[in-house]
Amino acid sequence: MINETKVALVTGANKGIGKEIARGLARKGMTVLLGARNPERGRQAARELTADGEVIFIQLDVTHEESVNAAVQEIEKRYGKLDVLVNNAGVGAARSKPGEVTTEQIRKVYETNVFGVVTVTHAILPLLRKSPAGRIVNISSLRGSLSSPGAFVGQPSMPYSSSKTALNALTVHYAKELADTPIKVNAGAPGFVATDFNNFAGERTPEQGSVIAIKLATLDENGPTGGFFDDNGSLSW
Ligand code: NAP
């Protein structure tokens, strides 16, 4: 029997923006599966969110297919479907001149930010198709834009920025394939958020950074698909 409570999976949710996305979705009454690669950190974060609703730790390393497949099997057994997938897990890379970037450096970032998203999305899509209103939210970055003012200002990290450009492209590909289904697929940019990711240099709080993801995860049937958004609206790719 299909559970009527909405079930959401947030990857990389043991800290930072992902943890706040988990909190926000739990406050909206969803059962939230808090994905974390490290069980200790994941269980601790889920415990910290108990006052916000039903938040359950699930072991998930987006770069390990066995870990992803085990999590998907567990979700299928327990809930029979998934309503919301937030691909949040991400890693950065030091800034350097593009000509100095090695294949190994770029592959390391893509393993999580691009291939990890494909691994999770590919494995979980059958469960999202069982939802009456599936939503996929890819946590991207303005750094992934090729055309917005400031996209190449300063010395961006080519591995990181281009991984988010690739993530934006994946978003459009999935959205186009799923256009005639109830599933909506969008990318969200959280802004410059104070987390471990940037040694807490960001000017926004993780809670503020979670707002766009929560909005895209809870779009109604008239909401957009295949778009790129921040709190102020649509962004250019
Ligand atoms: P964060 O605090 O460093 O959190 C990153 C999360 O991803 C952690 O939970 C980390 O787990 C997890 N993670 C990394 N690799 C993983 C893997 N292989 N499998 C599962 N989980 C993994 O960073 P954040 O700022 O919240 O970043 C969250 C997302 O927002 C990222 O996609 C990032 O690119 C994006 N973003 C951030 C900013 C910003 O200003 N902070 C701006 C734009 C976009 P561990 O604790 O185990 O490492």
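When residue 166 is tested against (1) part of a helix (DSSP H, G or I); (2) within 14 Å of the ligand (Cβ to nearest atom); (3) open to solvent by less than 10 Å² (accessible area, probe 1.4 Å); (4) over 21 Å from residue 13 (Cβ atoms), just one condition goes unmet, and that condition is (3).
Of all the criteria given as (1) open to solvent by 20 Å² or more (accessible area, probe 1.4 Å); (2) in a loop (DSSP other than H, G, I, E, B), the one not satisfied by residue 151 is (1).
Number of residues in region 94-125 that are open to solvent by less than 70 Å² (accessible area, probe 1.4 Å) and in contact with a Pro (Cβ under 7 Å, 6 or more places away or on another chain): the value is 3.
Just the residues that are away from the ligand (no atom under 13 Å from the Cβ) and surrounded by fewer than 20 Cβ atoms within 10 Å (Cβ to Cβ), please, taken from region 126-147. 126, 129, 130, 132, 133, 146, 147 - these are the residues of region 126-147 that are away from the ligand (no atom under 13 Å from the Cβ) and surrounded by fewer than 20 Cβ atoms within 10 Å (Cβ to Cβ). Taking the numbered list (1) part of a loop (DSSP other than H, G, I, E, B); (2) open to solvent by less than 10 Å² (accessible area, probe 1.4 Å); (3) near the ligand (Cβ under 10 Å from one of its atoms) in turn, residue 91 passes all entries but (2). The combined condition, being under 21 Å from residue 199 (Cα atoms) and open to solvent by 30 Å² or more (accessible area, probe 1.4 Å), is not fulfilled by residue 23.
Listed here are the residues, each with its yes/no results for (1) open to solvent by less than 70 Å² (accessible area, probe 1.4 Å); (2) outside any strand (DSSP E or B); (3) within 20 Å of residue 129 (Cα to Cα).
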residue	(1), (2), (3)
176	no, yes, yes
187	yes, no, yes
201	yes, yes, no
208	no, yes, no
222	no, yes, yes
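Scanning region 105-125 for residues that are touching a helix residue (DSSP H, G or I) at 6+ places or on another chain (Cβ under 6 Å), more than 13 Å from the ligand (Cβ to nearest atom) and farther than 23 Å from residue 221 by Cβ yields 105, 106, 123. Residue 213 falls short on exactly one of the conditions (1) among the aliphatic types (A, V, I, L, M); (2) part of a helix (DSSP H, G or I); (3) modelled with pLDDT under 95, and that condition is (3). For region 213-225, the condition of being within 11 Å of the ligand (Cβ to nearest atom), free of Cβ contacts under 8 Å to residues at least 60 places away in the same chain and hydrophobic (A, V, I, L, M, F, W, C) holds for none of the residues.
The values are calculated or read from the model by the stated rules, or taken from the named source; none is laboratory data. All values derive from a computational prediction rather than experimental measurement. Ideal geometry is used to build each Cβ from the backbone, glycine not excepted, and the neighbour counts take in all protein chains shown. Quick note on the areas: whole protein, heavy atoms, side chains included, nothing else; ligands and nucleic acids left out. Shrake-Rupley method; radii C 1.70, N 1.55, O 1.52, S 1.80 Å.
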